[in-house]
Amino acid sequence: MSEARASTTAASPPTTWRTWGGTVTAQPTAVHTPASTAEVVDLVRGALERGERLRPVGSGHSFTPIAEPIDAHVRLDLMCGILAADLAAGSVTVAAGTPLHELSPALERIGLGMVNLGDIDRQSISGAVSTGTHGTGAGLTGLAGAVRGLTFVAGDGTVHRVHRDRDPDLVSLLAVGLGAYGIVTELELDVLPAYRLHAVERPEPLAAVLDDAEEIAAAHRHFEFYWFPHTDRVLTKRNDPAEDGAGTPLPRWREHLDDHLLSNVLFEGLNRLVTRLPGLAPRINQVSARALSRREFTDASHRVFCTRREVRFVESEYAIPRASLAPVLRELDAWIERSGEHIAFPVEVRFAAADDVALSTAYRRDSAYVAIHQYHRRHMSRYLAAFEAIVAEHDGRPHWGKLHTLDAERLGRLYPRLADARALRERLDPAGVFSNDYLDRVLG
């Protein structure tokens, strides 16, 4: 079931690399594209002999410098596809470089579906899992919660295969691994029989949603909402499993109108306008929030989860205790109004169940996620500082791939097992083959 792709062990010449949001720019000394675990072993052993450092990189969709190379990049684009599937056991083994937007249709073709997904599917499966990517669902974990096992190459070039049936503690530490322990080459994941979701999206008052957010989230398999700063309006999204044969997808014209022309083409134009004239943001948000209309449709799960994101932005996201959601949003609203800051991008709110993944933002805590965004051509430093000050009062844990300023000292107070993660890193990568400045900052 794997997709055959040409193998190459040759390194590409140095090139300029940028994250999707333009937050990090680097010039790796080389870009390696191995096509097998054995080739990754050769790369790691060669780097160890030469005293070089390697960073695995996926789609570059993180906003932090988590994938920034000191020396060379390792891209797993040639390691792609479903390697094995056990429909009865509800599991698949996937090559680490598989992009989510290719994995979901491939699963659907064999009658399977991901347990949960975020709203962007441009990431590779290993990058998404390793950085703690999550979707929304009060009873569902992030992607790392579905990891049954991993194959990875450690800093000494040895191959390790771990499984939660045999090594539950190791899987807990390795699942959200930040690329700090080694290069993941395969993942075994929990999956479900292919399913469809019934989606209901509609505008609602912010106050009413905040008052009942936990109850609404508990009543639906997936619930999220987008708040438009400078307004009292939100767009809510409720997704629930659909019965066989029930419901229809969005008409093609409506999908093109909503998800391309309005959400991308027009939204890009509005953000360019606000970049030149920031004072227009409140008025534009008021009009946009009032123009939102209800829509209802049913489609394959991955086509409901994921949306087109062509407008480039930068983002920070923190996980907080669910009871803190209303206070955090109200404090953020008050700061925006008194600061004079003009915010044209919606604030996104999602939910996740507690898990036992050591570096998961939902580690042993049912969580709400608050994500702030800013158009990539505008400065975010003041907005980010205020946001971080607010969530700090609620023990907010930052998404590893999204903008934050926390270091190992602060993170050690938020993650009970950070010291265990640091010790495992020292054991599996004693020479620092996979290190960079970001990992040194967050892990110590």
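The values are calculated or read from the model by the stated rules, or taken from the named source; none is laboratory data. Keep in mind that what you see is a predicted model, and the values were worked out from it rather than measured. Neighbour counts are summed over all protein chains in view; Cβ atoms, including those assigned to glycine, are modelled from backbone coordinates with ideal geometry.
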Could you tell me which residue of region 139-179 is surrounded by the most Cβ atoms within 10 Å (Cβ to Cβ), considering only residues that are of a type in the set (A, V, I, L, M) and more than 17 Å from the chain's Cα centre (by Cα)? 153
Scan region 201-258 for residues that are surrounded by 15 or more Cβ atoms within 10 Å (Cβ to Cβ) and either without any contact (Cβ under 8 Å) to a residue 12 or more places away in the chain or touching an Asp or Glu at 6+ places or on another chain (Cβ under 6 Å) (or both) and jot them down. 206, 220, 221, 226, 234, 236, 237, 249, 255
Are any of the residues in region 429-443 under 28 Å from residue 341 (Cα atoms), of a type outside the set (A, V, I, L, M, F, W, C) and modelled with pLDDT of 95 or more? no
Condition check: of a type in the set (Gly, Ala, Ser), closer than 30 Å to residue 194 by Cβ and modelled with pLDDT of 95 or more. Does residue 354 satisfy that? yes
Restricted to region 402-440 and to residues being out of contact with any helix residue (DSSP H, G or I) (no Cβ under 8 Å at 6 or more places or on another chain) and assigned to a loop (DSSP other than H, G, I, E, B), the residue nearest to residue 60 (Cα to Cα) is 402
For region 72-90: of the residues being out of contact with any Asp or Glu (no Cβ under 9 Å at 6 or more places or on another chain) and buried (at least 22 other Cβ atoms within 10 Å of the Cβ), which is nearest to residue 28 (Cα to Cα)? 73
The number of residues in region 335-345 that are surrounded by fewer than 22 Cβ atoms within 10 Å (Cβ to Cβ) and in contact (Cβ under 8 Å) with a residue 40 or more places away in the chain is 6
Hey, does region 216-223 have a residue that's over 17 Å from residue 309 (Cβ atoms) and at pLDDT below 95? no
Kindly indicate whether any position in region 381-393 is closer than 15 Å to residue 173 by Cβ and not β-branched (Val, Ile, Thr). no
Does residue 357 fit the bill of being closer than 25 Å to residue 211 by Cβ and buried (at least 21 other Cβ atoms within 10 Å of the Cβ)? no
Give region 72-127 a look and list any residue that's under 21 Å from residue 241 (Cβ atoms), in contact (Cβ under 8 Å) with a residue 24 or more places away in the chain and either part of a loop (DSSP other than H, G, I, E, B) or charged (D, E, K, R) (or both), or say none. 87, 90, 108, 110, 111, 115, 116, 117, 118, 119, 121
On the given criteria, is residue 254 of a type in the set (Lys, Arg) and under 22 Å from residue 139 (Cβ atoms)? no
Is it the case that region 320-329 has a residue that's farther than 26 Å from residue 211 by Cα and out of contact with any helix residue (DSSP H, G or I) (no Cβ under 8 Å at 6 or more places or on another chain)? no
